[in-house]
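Here it is, the structure in full.
All of the numbers you see were taken from the coordinates with simple rules; none came from a lab. Keep in mind the model is a prediction, meaning the values are calculated, not measured. Note that each Cβ is placed from the backbone with ideal geometry, even for glycine, and that neighbours are counted across all protein chains shown.
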Amino acid sequence: MENLKVRIWRGAEEGGFQEFEVPRQESQTVLDVVTYVQRKCDPTLAYRFACRVGVCGSCAMTVNGQSRWTCRTHVSKVAADNRLEIAPLRNLPVVKDLVTDMREFFDKWARARGRFTGSKTRKDEFERVSPESKERKRVDAGIECIGCGVCYSACDVVTWNKDYLGPAALNRAWTLVNDVRDTARAERLAAVAGDAGCHACHTHLNCTERCPKGLSPTAGIAGLKRAVLAATLSGEI
Amino acid sequence: MSRRSEVLLWGAQRISAMVLALCVVVHLVTMIYAVRSGLSAAEILGRTQGSVAWFAFYTLFVAAVAVHAPIGLRTIIGEMCNWRGRGLDVLTGIIGLSLAMWGMRAVFAVFGGGA
Ligand code: SF4
Ligand code: SF4
Ligand code: FES
């Protein structure tokens, strides 16, 4: 097989692409390519990964212009002409090479009240939530998020409005709004309202298109928009 | 602008969008009908002037435009020019009022007066 021609972002906000040749292999992933470069060509290359099997959400990068989880992206799927351009995620400050500063991404989860607030103690009975209930089904549809930041990187509204909470934080808020055990519904709806929250979403569906877990933050955000409007009209928030 | 106002603006834009969708269809069908059956301007005015139903319909149309356009413009300017806040609210408010004024001027011209 022909060698891959790989261009990798070097530097921080300022920087440039550096070219490497990487031997092509069967079933090679984009993360394998980056790892090869770091081990065989330039040990100073900085990148992040942990699980290598699509669980931890730490390996996301921009590959040939699109945000992807690299450990489960096969080279054969994205490098049609044996060329790869690998850059850090968009919409986040670059620390070095392929490593972004994820703080604002996760801070926004906190701002969107992404933390469960319950009222029971360990002495209480378990809450029974039917898997068939409407709320539980909505939670199921959004709960598998691995916090990879791919959606955040793919969302143009984040680019245009630095305060926008973004698809992942809002998706998280939506799963909690539908968690019948949660007691912070009103505060959460208030936290995600307005033009830095769910109402800023243009329903572009980029996040949904790119989410490696097949989630639809867009659908959750649409649900939040309606729930917030209803809560505003009823005076709940 | 307060969170509550932002949310209500969003609601107003959604509802005005629904109204607009309906109005645009009715407006287009009417226009195509008028053109295809070769009505002259005088004939059209003859039918519209004094018609309460058409007056009400186009007033609704103008109201929907005057609500919908400035809210959308406010978002677009906020995102594209990174300009938000009081000044922008005032500017888009004025644009909304102007649209309402010009729109109603046209409505009165076509539907008011006459017999
Ligand atoms: S649907 Fe909304 S959150 Fe998702 S990419 Fe588009 S604007 Fe961003
Ligand atoms: S919603 Fe999808 S793309 Fe976004 S952080 Fe979660 S898993 Fe990643
Ligand atoms: S390395 Fe864990 S998801 Fe890719």
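Give me the one-decimal nm value for the distance between modelled label points at A:Glu135 and B:Gln49, 7 Å along each residue's Cα-to-Cβ direction.
6.3 nm
While we're here: Grab the other residues whose beta carbon is less than 9 angstrom from that of A:Ala60, score K and R as +1, D and E as -1, and report the net.
+2
If you don't mind, another one. Compare A:Ile221, A:Ile86, A:Ile146 in a GNM of chain A, Cα atoms joined below 10 Å, and give the one with the largest fluctuation.
Of A:Ile221, A:Ile86, A:Ile146, the Gaussian network model singles out A:Ile146 as fluctuating most.
Could you run the Debye sum over the Cα atoms of chain B, one equal point scatterer each and no solvent, and tell me log10 of I(q)/I(0) at q = 0.12, 0.18, 0.24 Å⁻¹, two decimals?
Debye output, listed in q order: -0.54, -0.94, -1.34.
Oh, and also: What 222 nm value per residue comes from the helices of chain B, counting each DSSP H run with n ≥ 4 as -39,500 (n - 2.57) and dividing by all residues, nearest 500 deg cm²/dmol?
Taken over chain B, the calculation gives -30000 deg cm²/dmol.
Regarding the stretch A:103-233, what are the three Cα extents along the principal axes, ordered largest first, in Å?
For the stretch A:103-233, the Cα spread along each principal axis is 47, 32, 28 Å.
How much of the pair distance distribution for chain A lies past 33 Å, counting alpha-carbon pairs only, in percent?
27 percent
Exactly which GluC sites (Glu not before Pro) in the stretch A:1-57 are in a DSSP loop and have at most 10 other Cβ atoms within 10 Å?
A:Glu2, A:Glu13, A:Glu14, A:Glu26
To continue, here is another question. Report the local net charge at A:Gly214: Lys and Arg +1, Asp and Glu -1, summed over other residues whose C-beta lies under 13 Å from its C-beta.
Overall, the nearby charge balance is 0.
At 10 °C and a viscosity of 1.306 mPa s, what translational diffusion coefficient does Stokes-Einstein give for the stretch A:4-100, taking Rh as the Kirkwood radius over Cα pairs? Give it in µm²/s as a whole number.
My calculation gives 121 µm²/s for D.
Taking neighbour Cβ counts within 10 Å as the exposure measure, how do A:Lys213, A:Lys108, A:Lys123, A:Lys134 sort from fewest upward?
Ordered from fewest to most neighbouring Cβ atoms within 10 Å, A:Lys213, A:Lys108, A:Lys123, A:Lys134 come out as A:Lys123, A:Lys134, A:Lys213, A:Lys108.
I've got another one for you. Among all stretches of chain A without exposed chymotrypsin sites (Phe, Trp or Tyr not before Pro) (DSSP loop, at most 14 other Cβ atoms within 10 Å), which one is longest?
The segment A:1-115 is the longest one with no such site.
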